Amino acid sequence: MSKFIFETTARVICEIDGALRLGALCRELKAERVLLISDPGLLRAGLLDAPLQAMRDSGLQVTLYSDVQADPPAASVQDAVEVARQCRAQVVIGLGGGSSLDTAKLVALLCGQTQFLEDIYGIGLAKGPRLPLIQVPTTAGTGSEVTAVAIVTTPSHEKKGVVSPLLYPDIALLDARLTVGLPPAVSAMTGVDAMVHAIEAYTSVHKKNVLSDGLAVQALTLLAANMDRVLAEPDDLQARSDMLLGSMLAGMAFANAPVAAVHALAYPLGGHFHVPHGLSNALVLVPVLNFNRSAAEPLYAQLAAAVLPGQRFASAAEACDGFIDFMTRLVARMPFAQRLHEVGVTPEDLDRLTDDALKVERLLINNPRPLDRDDIYSIYASVL
């Protein structure tokens with residue numbers, strides 16, 4: 001039997017309108033004062049109204065921090081920590097996309113202690129205790145509700161990660177109704193993000209194991225079957241639920257078998273050009289798949305069955321081609337930018353992007369085929 005360790009969130013609740021149970025869940029955690037962390041877009045859209053009212057109807061004192069920014073800057077995280085301290089929060093709830101969930105993780109960790117954010121970038125440097133934490137995703141993409149990672153943008157525009165088992169929440173709550181009404185581009189970006197998590201977990205050269213493999217395959221099966229459906233029928237709650245579940249399963253997979261070059265090349269796009277993370281992944285996904293083909297052919301061939309169920313292939317090479325072709329066509333029909341120049345990247349930016357991607361060694365080492373500087377530059381150039 002292979003030797004491995006598998007960790008994930010202790011409790012998962014998957015239920016339509018489950019967000020209306022947040023008051024009862026906080027009471028189970030012996031809380032009276034709660035901090036809800038979200039973003040301005042969800043506040044404007046009214047998605048926070050019903051959960052907030054349900055918590056207040058439960059007699060809880062609820063403070064709302066709704067100023068989360070995309071790719072959360074370190075200063076924004078610290079602002080939220082101060083709000084948590086001022087309201088003497090006993091439970092932290094993250095409700096939103098990956099930026100809200102990552103911010104909530106760090107607030108729960110930092111608000112009751114003296115550690116500084118800049119001192120815990122890296123693996124295993126964070127110390128407890130932390131406040132009880134509930135995570136409620138509103139996009140089917142990041143899987144942050146079941147990962148032990150929080151990503152922050154530093155003042156120098158680098159993406160830094162805090163990695164610690166302390167960041168696994170106490171409860172992950174999946175309520176597909178919260179994902180209804182997302183703009184098509186957001187559904188598409190986050191869906192591709194989740195697919196990348198599954199693909200890179202399955203092909204990671206470090207910590208890949210039988211549990212992460214099974215989760216990655218099931219995630220990719222759900223995501224591939226429902227991506228087009230949620231775009232064509234955005235109110236379809238079954239499709240939304242399947243996407244949210246697929247995203248979570250992919251999160252469980254990559255939390256244990258880490259992601260690789262797609263994410264490493266995506267991070268500088270978010271840091272410098274504020275490209276949404278899912279779109280950053282989508283922009284570099286296909287060239288990275290083609291680059292990895294020689295090393296990952298057997299694994300890509302196995303993933304073909306998840307995205308093309310029932311289709312027979314004459315060889316592993318043909319199945320690998322089928323998988324890459326499926327992902328190429330899927331990305332090409334999504335309603336978002338397809339080239340780097342569409343998000344503001346110029347030829348003069350490629351050296352800076354390449355140098356920054358090279359710094360993300362903790363992810364590059366997981367890639368099935370090693371990359372050098374010329375490889376990274378060529379990948380960026382191929383999608384300029």
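None of the figures in this text is laboratory data; all of them are computed from the coordinates on show. This structure is a prediction, so every number in the text was calculated from the model and none was measured. Counting neighbours? That spans all protein chains shown, and the Cβs are built from the backbone with ideal geometry, glycine included.
With the simple model of a label 7 Å out from the Cα in the direction of the Cβ, residue 45 to residue 225 spans 2.5 nm.
For residue 142, neighbours were defined as the other residues whose beta-carbon sits under 14 Å from its Cβ, and their charges (Lys and Arg +1, Asp and Glu -1) total -4.
Convex hull volume of the Cα atoms of the chain, normalised per residue: 128 Å³. Qualifying trypsin sites (Lys or Arg not before Pro) in segment 325-358, where qualification requires a DSSP coil assignment and no more than 12 other C-beta atoms within 10 Å, comprise 333, 339.
Return the lysines within reach of residue 105: Cα separation strictly under 23 angstrom, same-chain partners fewer than 8 residues apart disregarded; answer none if there are no such residues. Leaving aside lysines fewer than 8 places away in the same chain, those within reach of residue 105 are 30, 127, 159, 160.
Could you grab the Rg to Rh ratio for segment 206-311? Cα atoms only, Kirkwood for Rh. My calculation of the ratio gives 0.98.
In units of the rule-of-thumb radius 2.2 N^0.38 Å, segment 11-179 shows an alpha carbon radius of gyration of 0.93. A Gaussian network model of the chain, with springs between Cα atoms under 10 Å, assigns the largest mean-square fluctuation among 16, 134, 93 to 16. Bridging of residue 3 to lysines at a Cα separation below 19 Å is possible for 207, 208, once same-chain residues fewer than 8 apart are set aside.
Under a 10 Å cutoff between Cα atoms, tell me which one of 155, 368, 276 has the largest fluctuation in the Gaussian network model of the chain. Among 155, 368, 276, the largest mean-square fluctuation in the Gaussian network model of the chain belongs to 155. Look at where the Cα atoms of segment 7-66 and of segment 218-257 average out, and the two centres are 23 Å apart. Modelled spin-label separation between residue 4 and residue 86, with each label point placed 7 Å from Cα along the Cα-to-Cβ direction: 4.5 nm. When the chain is treated as a GNM with alpha-carbon contacts under 10 Å, the residue of 328, 190, 103 showing the greatest mean-square fluctuation is 328.
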